[in-house]
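So the structure is just underneath, and the comments pick up after that.
The values are calculated or read from the model by the stated rules, or taken from the named source; none is laboratory data. Computed from a prediction, not measured in an experiment: that's the story for all the values here. Using ideal geometry, Cβ is built from the backbone for each residue, glycine included, and neighbour counts are taken over all protein chains shown. Just so you know, the surface numbers come from the protein's heavy atoms only, side chains and all, with ligands and any DNA or RNA stripped out. Shrake-Rupley method; radii C 1.70, N 1.55, O 1.52, S 1.80 Å.
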Amino acid sequence: MKTIKDRIAKWSAIGLLSAVAATSFYAPNAAAHGEKSQAAFMRMRTIHWYDLTWSKEKVKINETVEIKGKFHVFEGWPETVDEPDVAFLNVGMPGPVFIRKESYIGGQLVPRSVRLEIGKTYDFRVVLKARRPGDWHVHTMMNVQGGGPIIGPGKWITVEGSMSEFRNPVTTLTGQTVDLENYNEGNTYFWHAFWFAIGIAWIGYWSRRPIFIPRLLMVDAGRADELVSTTDRKVAMGFLAATILIVVMAMSSANSKYPITIPLQAGTMRGMKPLEMAAPTVSVKVEDATYRVPGRAMRMKLTITNHGNSPIRLGEFYTASVRFLDSSVYKDTTGYPEDLLAEDGLSVSDNSPLAPGETRTVDVTASDAAWEVYRLSDIIYDPDSRFAGLLFFFDATGNRQVTQIDAPLIPSFM
């Protein structure tokens, strides 16, 4: 009986190992969108990205793509996320398929972290250079110290060509032009191989005798002192001395070969110039807001007052990168990602022009499968179940006003 059990256990273990080994060779292309993985409140109540444009949807190796637009730092920034006192404008993509050539906020080059003001709106621009062929989902992203990456809208960009064609030339402060893609590549391979060999030699020395179970048994038996001999100690000291000597000599050689160097630049840039936004002439009060789970729709009861000189209509509701439009008022022509655009997802109980000085209470419904697909409906399960977004109002000439809203969201399961 024992023999049969042993065989069953043996073949079960072999089967499990075979299954693990087989799955390790299967690596399908990932097609998931990064914004889905982030909590809904993070996308709704931190950074609002809008007016985004991608200059190209198809490029060749070495060609550039420019992403630009605006982002609003939400006034109701959640207490559970550190404020953006140290933030870094970034791009989310599956590895170094592009390289970032330039990044700007408010027209100022931002190669490192910046301080952003809550309640302000900034324009930005990022220039990417295609490096690796394929279809890549490229996101805007803001990394916030203590808050992590805040992901914005993403769009598929096709890169054509061969990676062997990629070049990344830069001119150093001494006037030398080098290609960063393969600069000193041979030296990099050499040192990796060299230290790998040192590591193998160290492991090989200690593996020449019985290890693991026999050594454990000796430790349990109180004979740990017998495991390391005088020769072992001498060999260990030799490895240590050789390692220190090699590091010192290599560093001395590098310093003599490259006498002019500067350290990696760090620190936080302050004084980012926000956009001078005109005060909106429309005010909005959220009377109540509910999310109808079966219908994948959010209903808001809004009291809107027009303090301006022209009649206005509500044309768009933006939240967490998803845009709900009333196509009778506004149609998108920027090529915004289709899966984030509900072209007829916004309905208003009375969306006739709101005259100057008029106040009206209306029911606004934002409905689309994106509530579930992008997990925005998860906000109703949050301990602080609040939604936030931007409302865009338009007059007859196409002039636009942006108003921020923020209120509790109550779920409805009927």
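Thr281 passes all but one of (1) closer than 30 Å to Ala342 by Cβ; (2) hydroxyl-bearing (Ser, Thr, Tyr); (3) free of Cβ contacts under 8 Å to residues at least 40 places away in the same chain; which number fails?
(3)
Kindly indicate which of Thr243, Thr290, Thr268 is touching a residue at least 24 places away in the same chain (Cβ under 8 Å), more than 30 Å from Thr319 (Cα to Cα) and surrounded by 10 or more Cβ atoms within 10 Å (Cβ to Cβ).
Numbers: Thr290 fails: more than 30 Å from Thr319 (Cα to Cα); Thr268 fails: more than 30 Å from Thr319 (Cα to Cα).
Going through Thr243, Thr290, Thr268 in turn, just one is touching a residue at least 24 places away in the same chain (Cβ under 8 Å), more than 30 Å from Thr319 (Cα to Cα) and surrounded by 10 or more Cβ atoms within 10 Å (Cβ to Cβ): Thr243.
When Val248 is evaluated against the numbered criteria (1) farther than 30 Å from Arg208 by Cβ; (2) open to solvent by 40 Å² or more (accessible area, probe 1.4 Å), which criterion, by number, is the only one it fails?
All conditions are met except number (1).
Please go through the stretch 152-189 and give me each residue that is open to solvent by 70 Å² or more (accessible area, probe 1.4 Å) and part of a loop (DSSP other than H, G, I, E, B), ordered by number.
Listed by number, the residues that qualify are Arg167, Leu173, Thr174, Gln176, Leu180, Asn182, Tyr183.
Kindly indicate the residue of the stretch 60-112 that is among the polar types (S, T, N, Q) and either out of contact with any Ser or Thr (no Cβ under 9 Å at 6 or more places or on another chain) or open to solvent by less than 50 Å² (accessible area, probe 1.4 Å) (or both) and also farthest from Gly267 (Cα to Cα) among those meeting that condition.
Step one: list which residues in the stretch 60-112 are among the polar types (S, T, N, Q), which gives 62, 64, 80, 90, 103, 108.
Restricting the remaining residues to those that are either out of contact with any Ser or Thr (no Cβ under 9 Å at 6 or more places or on another chain) or open to solvent by less than 50 Å² (accessible area, probe 1.4 Å) (or both) gives 62, 80, 90, 103, 108.
Numbers: Asn62: 30, Thr80: 24, Asn90: 16, Ser103: 16, Gln108: 16 Å.
Applying the filter and picking the extreme gives Asn62.
Look through the stretch 271-287, keep the residues that are part of a loop (DSSP other than H, G, I, E, B) and among the aliphatic types (A, V, I, L, M), and return whichever of them is surrounded by the fewest Cβ atoms within 10 Å (Cβ to Cβ).
That would be Ala279.
Which residue is modelled with the highest pLDDT, if the candidates are limited to the stretch 226-253 and must be among the charged types (D, E, K, R) and more than 16 Å from Ala201 (Cβ to Cβ)? Quick ask: steps written out before the conclusion?
Taking the stretch 226-253 and keeping what is among the charged types (D, E, K, R), we get 226, 232-234.
With the extra rule that they be more than 16 Å from Ala201 (Cβ to Cβ), the set shrinks to 226, 233.
Values: Glu226: 80, Arg233: 91.
Here the residue is Arg233.
For Phe387, indicate whether it is surrounded by 19 or more Cβ atoms within 10 Å (Cβ to Cβ) and either at pLDDT below 95 or aliphatic (A, V, I, L, M) (or both).
Values: surrounded by 19 or more Cβ atoms within 10 Å (Cβ to Cβ): yes; either at pLDDT below 95 or aliphatic (A, V, I, L, M) (or both): yes.
Yes, satisfied.
Mind listing just one residue for me: the one in the stretch 359-384 that is farther than 29 Å from Lys155 by Cα and open to solvent by less than 60 Å² (accessible area, probe 1.4 Å) and, of those, nearest to the chain's Cα centre (by Cα)?
Step by step, filter the stretch 359-384, then rank; the result is Val362.
Results for (1) over 25 Å from the mean Cα position of the chain (by Cα); (2) within 20 Å of Ala39 (Cα to Cα); (3) outside any strand (DSSP E or B), shown as yes or no for each residue.
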| position | (1), (2), (3) |
| --- | --- |
| Arg313 | yes, no, no |
| Tyr318 | no, yes, no |
| Tyr330 | yes, no, yes |
| Tyr336 | no, no, yes |
| Gly357 | yes, no, yes |
| Gly398 | yes, no, yes |
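Determine the pairs where a residue that is at positive phi, located within the stretch 119-142, has a partner that is open to solvent by less than 10 Å² (accessible area, probe 1.4 Å) and part of a strand (DSSP E or B) with Cβ atoms under 7 Å apart, the partner being 6 or more residues away or on another chain.
Once the first residue is at positive phi and sits in the stretch 119-142, its partners that are open to solvent by less than 10 Å² (accessible area, probe 1.4 Å) and part of a strand (DSSP E or B) give Gly119/Val73; Gly134/Val159.
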